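So the structure is just underneath, and the comments pick up after that.
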Amino acid sequence: MKKLSDILRALLSSAVFALALTGAPANALTLDTKIGEANLGNSGDATELTKLQSILEGLGVPASNLTLDLKLDQEDAPFNVSADTVAGQWFIDVAPKEPGYFLLKFGTGGTSATADTFFFQNIGELSKLVFSNAQVQNLSEGCGNCNIGRLSHYSTFNDTINPPPVLNVPEPASLLLLGAGLLALGFAQRRKSTHN
């Protein structure tokens, strides 16, 4: 019975240690899944919709019923992009809407970016469009007051006939805890084998 208590104690201590290491706030959001990117230049709504349909069909998702739900331009109605600098995330609150897909279009002048339009499947907090700087080739850097100057517009899309599949994405902290637990079990097993 002592061996089991040693293992449980090791698991508990590594879980506490892992939580201390994450430093992530309890309210960190789930990043939406980036499904593609393109350099579309000065394109219109039809070109962006066609590119999204092409990306989805390449992933085996029927996209013939996909429609533009909302488009918001920075010039027409400035929008705030909220930042969680600890988690390295940005998000746009579109509540009460819950789009299945969205795109972010950035200006790329003077950068080394190879794409200006980034396509996402909305998987986590469905009323928020959540992305990271890495997902958009660092075009959201320099979020001064969190109105991202390079973000030209975003568009949301829905497919009422073939809605996107719901993905269960584990939170990063949960994955870290699982990994720490497995590591503790490995150390306990190694300790047991060296003492025998």
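Values for this structure:
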read-out	value
Hey, Q137 polar (S, T, N, Q) and either at pLDDT below 90 or at positive phi (or both) or not	yes
Selection status of G144, modelled with pLDDT of 90 or more and surrounded by fewer than 16 Cβ atoms within 10 Å (Cβ to Cβ)	no
Meets criteria (within 30 Å of I161 (Cβ to Cβ), touching a His at 6+ places or on another chain (Cβ under 7 Å) and modelled with pLDDT of 90 or more) for K105	yes
Any pair with Cβ under 6 angstrom, 6 or more apart, that starts in region 64-90 at a residue that is more than 17 Å from S43 (Cβ to Cβ) and ends at one that is acidic (D, E)	N65/D159
Residue match in region 175-183 (condition: buried (at least 17 other Cβ atoms within 10 Å of the Cβ), at pLDDT below 70 and farther than 24 Å from L29 by Cβ)	yes
Unmet criterion (only one of (1) of a type in the set (A, V, I, L, M, F, W, C); (2) at pLDDT below 90; (3) part of a loop (DSSP other than H, G, I, E, B)) for A83	(3)
Of all residues in region 13-44 being at pLDDT below 50 and assigned to a loop (DSSP other than H, G, I, E, B), the one that is farthest from the chain's Cα centre (by Cα)	G23
Residue match in region 95-118 (condition: of a type in the set (D, E) and buried (at least 18 other Cβ atoms within 10 Å of the Cβ))	yes
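The values are calculated or read from the model by the stated rules, or taken from the named source; none is laboratory data. A quick note: this is a predicted structure, and the numbers were derived from the prediction, not measured. Virtual Cβ from ideal backbone geometry, glycine too; neighbours counted across all protein chains shown.
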